Amino acid sequence: MNIFSAIINEPANQLLLNHLIRADGQEDLCFATYVPGKGSNRFTGILSAVILPNHDERNLHGNVGFLPHYFERVMEIAAKRKEGIAFLHSHPGPGWQGMSDDDVVAETRLSPSVSGLTGLPLLGLTLGTDGSWSGRFWIKDEFEKRKYNRQWCDTIRVIGKKLSITYNDALLPPIFDATRQMRTISAWGGKTQEDLSRLKIGIVGLGSVGSIVAEILARTGIANFTLIDFDSVEDKNLDRLTNVFADDVGKAKVQAVANGIHKSATAPKVTINCCEYSICEKEGFEMALNCDILFSCVDRPWPRQVLNFIAYAHLISVIDGGILVRTNKKNTNIVGAEWKAQTVGYKRACLECLGQYKTENAVLEMSGKLDDPEYIKGLNKANFLDAHENVFVFSSHLASMEVLQMMILFIAPSGIADVGQQLYHFVLGSMDAEQNKPCYENCFFQSVTGKGDYSNVTVYAQHPVAVKARLKREQAAKKLLSAESKQPQHYTWLQKLLRKLFK
């Protein structure tokens, strides 16, 4: 792990603000427990239970100190919950906070006991007077037995209806060009653009909707992308994919779309992590956990189920959408078309309860039956798949709706961070919105909210279709290399030169 972060749900955040920011200006402290969420290269501490001090468990004297029996009580609670420990305190200033010598001494002294009891590193969190958080983990040194090294978080996230992020400028500076983004900045100001530029966005599914989402975000100034899709570009995709062309046929979709992002990006530096796996495979799942926001641009039940799980267990908001096209029996005339966009996650209804997929169909797909021609021959595909492939004009509108859902989640214009599920009717040219729709009683996903890696659920597995797609690309690449190796040396050299010139 080389990136660290922490996430706090809004009720816990409000409780901590009320306790740690005092009217008398006095610094204060408390403890909490957390559970881990481990991505492929990001370790996140998901705050679980706030443990406020009793009146006799700390000394307030300008600075603040806790008494031994408070820490003993915290250790007992953490051991019972089998969770990590976070130590939180306030500072008398705004913004991301550094550490005083006393802060360093206190946290280094706590680290061995915390690590020994919980098996997890101590999470230190500091609150500024403006509600900004800063944080670090204390990681045991590989070589020195009693030494613990401080690893600063690059972000601390607070999730409610709105997603708020405090960035560590030293690790994650703003990446934007005011000249290129003059018009964009005029809509919401430089500070918001700075924060947008640092978002880590994951796009799952790089088909018609996903490729357009990537294009919109690239031009909006997003600088950090994770692209997750196992599939390859085919001829039949060329009428629906943005910035993907005939010479991309046979390439992994993530690679083709990444090339398009580099061409369209307005941020001066763009980082793109390409994952040629399904979100339903371990590699894709763990890549998704590195992100702040995920776009669900898939039309299958299993990947939707996985994304639904991530939205709740790991508190990573998911922007989802889908298109349904209805034609007459001969497929010669359109009868109707609708598309939906919704944000799911903390304090929102989940994808299953919103009717975006069915668990039984996700199980069928996981078993491979939805890809078995003999099994699905007699089934009504409309029960588990979109009735038709997306077409570009519909996909472009849905992609813009999904990006607008993201902007509302993060910017909260006029204080509104949730516009509900939006349904657009193509024939009528009208849009419906349904807000505050709850999950059904006893919804499984609400029960795993914020449990991260401790949810005791594994939603990924082997994905034979994805394996087959990667193998096909690998075989095609080997065939090309073999053909090139048989060419005369001068021809191979010329071929490479021409490729370099016309890439």
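The values are calculated or read from the model by the stated rules, or taken from the named source; none is laboratory data. Everything quoted here is computed from the prediction, not taken from an experiment. Cβ atoms come from the backbone with ideal geometry, glycine included; neighbour counts cover every protein chain shown.
The table for this structure:
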| item | result |
| --- | --- |
| Failed condition for Ser90, given (1) touching a helix residue (DSSP H, G or I) at 6+ places or on another chain (Cβ under 9 Å); (2) farther than 20 Å from Thr155 by Cβ | (2) |
| Looking only at region 48-59, and only at residues there that are loosely packed, with under 13 Cβ neighbours inside 10 Å and not in a strand (DSSP E or B), the one that is nearest to the chain's Cα centre (by Cα) | Asn54 |
| Residue in region 350-370 that is modelled with the lowest pLDDT, counting only those that are in a helix (DSSP H, G or I) and surrounded by 15 or more Cβ atoms within 10 Å (Cβ to Cβ) | Leu370 |
| Given (1) hydrophobic (A, V, I, L, M, F, W, C); (2) in a strand (DSSP E or B); (3) in contact (Cβ under 8 Å) with a residue 40 or more places away in the chain; (4) under 15 Å from Val158 (Cβ atoms), index of the condition Phe31 fails | (4) |
| Within region 371-420, tally of residues that are in a helix (DSSP H, G or I) and at pLDDT 65 or above | 27 |
| Qualifying positions in region 168-209 - among the hydroxyl-bearing types (Ser, Thr, Tyr) and either surrounded by fewer than 18 Cβ atoms within 10 Å (Cβ to Cβ) or not assigned by TED's automatic domain parsing to the domain that holds Leu238 (or both) | Thr179, Thr184, Ser186, Thr192 |
| His89 being surrounded by fewer than 16 Cβ atoms within 10 Å (Cβ to Cβ) and either assigned by TED's automatic domain parsing to the domain that holds Leu47 or closer than 27 Å to Gly452 by Cβ (or both) | no |
| Segments classed as strands (runs of 3 or more DSSP E), wholly inside region 223-331, with at least 2 members that are surrounded by fewer than 19 Cβ atoms within 10 Å (Cβ to Cβ), of a type in the set (D, E, K, R) and not assigned by TED's automatic domain parsing to the domain that holds Gly39 | none |
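Results for (1) crowded, with 16+ Cβ neighbours inside 10 Å; (2) in contact with a strand residue (DSSP E or B) (Cβ under 8 Å, 6 or more places away or on another chain); (3) of a type in the set (Ser, Thr, Tyr); (4) modelled with pLDDT of 95 or more, shown as yes or no for each residue.
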| residue | (1), (2), (3), (4) |
| --- | --- |
| Pro11 | no, no, no, yes |
| Leu17 | no, yes, no, yes |
| Lys38 | no, yes, no, yes |
| Ile46 | yes, yes, no, yes |
| His61 | no, no, no, no |
| Leu67 | no, yes, no, no |
| Val74 | yes, yes, no, yes |
